[in-house]
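> Input: one structure, supplied below.
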Amino acid sequence: MSIGTVDRSLSTQVYHLLRERIISGDLQPGQRLIEREICEQLEVSRIPLREALPQLEADGFIRTLPRRGAMVTRLTLHDIEELFDVRESLEVLAAKLAATHRDPAGLESLRARITQARTALDNHADQEAAAANVAFHDDVLTLSRNSLLRNLMQPLNGRMQWLFRMTADRDIRVQCAEHEGLYAAIRDGHAELAGALAYAHVASGRAPSLALLADVLPPGDPG
């Protein structure tokens with residue numbers, strides 16, 4: 001697997017490819033990232049890899065340990081709880097702002113994400129549907145027109161994709177239906193309703209996700 005030719009820096013390409021391999025499960029939690037092997041697989045030098053690793057660590061995908069190097073983060077149930085705690089606050093704000101600053105192009109993008117998810121489900125392409133659902137959340141964030149909020153949420157988006165992959169057995173159709181309700185509130189400019197629906201949407205996923213992961217992830221340390 002090698003880096004393709006796209007219009008972004010080599011280190012950014014390495015970052016995105018390694019992030020995708022972690023999210024997909026190709027790189028397993030606790031697995032060491034051996035520089036020589038990664039560079040050979042991606043056909044890059046060590047410089048772009050070493051430039052990509054700090055961003056992966058900042059976004060919570062890897063940990064760097066003394067004398068052991070970088071390894072894929074071992075998520076815990078406490079990590080998942082924290083992710084839901086933060087989402088319940090920031091996604092509510094994003095939904096309210098999106099309803100306030102809505103525009104035709106942004107609304108069309110949200111509608112398209114819902115259509116993509118529905119089409120993928122009809123074709124039994126659950127991973128594509130999950131990706132469309134993640135993109136829906138990102139589009140709501142874009143529609144909020146708040147760059148600070150977007151910068152705060154950016155590291156969470158990858159972790160959301162990671163979470164959705166690990167909880168793929170959840171009913172994605174329910175998530176799509178909730179997105180349709182949220183879209184309608186944003187489209188109609190009902191900021192408070194959009195915020196309430198965003199909170200309910202995130203909160204409703206907490207218990208099912210934790211239940212699915214209870215036998216997979218360790219509890220973790222609240223400290």
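The values are calculated or read from the model by the stated rules, or taken from the named source; none is laboratory data. Here the structure is a predicted model, which means the values were calculated and not measured. Using ideal geometry, Cβ is built from the backbone for each residue, glycine included, and neighbour counts are taken over all protein chains shown.
> Quick test for you: out of 100, 73, pick the one residue that is surrounded by fewer than 20 Cβ atoms within 10 Å (Cβ to Cβ) and either closer than 30 Å to residue 37 by Cβ or out of contact with any helix residue (DSSP H, G or I) (no Cβ under 7 Å at 6 or more places or on another chain) (or both). Give the steps one after another, and end with the answer.
Working: 100 fails: either closer than 30 Å to residue 37 by Cβ or out of contact with any helix residue (DSSP H, G or I) (no Cβ under 7 Å at 6 or more places or on another chain) (or both).
The match here is 73.
> When residue 110 is evaluated against the numbered criteria (1) buried (at least 19 other Cβ atoms within 10 Å of the Cβ); (2) assigned to a loop (DSSP other than H, G, I, E, B), which criterion, by number, is the only one it fails?
Among (1) buried (at least 19 other Cβ atoms within 10 Å of the Cβ); (2) assigned to a loop (DSSP other than H, G, I, E, B), the lone unmet condition for residue 110 is (2).
> Sticking with this structure for a sec: Considering segment 90-106 alone, what residues qualify as being touching a residue at least 24 places away in the same chain (Cβ under 8 Å) and assigned to a helix (DSSP H, G or I)? Reasoning before the result, please.
Taking segment 90-106 as the starting set, the residues that turn out to be touching a residue at least 24 places away in the same chain (Cβ under 8 Å) are 90-103, 106.
Result: 90, 91, 92, 93, 94, 95, 96, 97, 98, 99, 100, 106.
> Please work out if residue 189 is part of a loop (DSSP other than H, G, I, E, B) and in the same structural domain as residue 87 (by TED's automatic domain parsing).
Working: part of a loop (DSSP other than H, G, I, E, B): yes; in the same structural domain as residue 87 (by TED's automatic domain parsing): yes.
Here the answer is yes, as residue 189 does meet what is asked.
> Tally the residues that are farther than 22 Å from residue 61 by Cα and modelled with pLDDT of 85 or more, restricting the search to segment 149-179.
Number of matching residues: 7.
> Out of curiosity, is residue 120 within 30 Å of residue 216 (Cα to Cα), out of contact with any Lys or Arg (no Cβ under 9 Å at 6 or more places or on another chain) and among the small types (Gly, Ala, Ser)? So that I can check it myself, show each step before the final result.
Details: within 30 Å of residue 216 (Cα to Cα): yes; out of contact with any Lys or Arg (no Cβ under 9 Å at 6 or more places or on another chain): yes; among the small types (Gly, Ala, Ser): yes.
The answer is yes for residue 120.
> Oh, and also: Give the number of residues within segment 192-217 that are of a type outside the set (A, V, I, L, M), in a helix (DSSP H, G or I), free of Cβ contacts under 8 Å to residues at least 40 places away in the same chain and over 27 Å from residue 143 (Cα atoms).
Residues that pass the stated criteria total 0.
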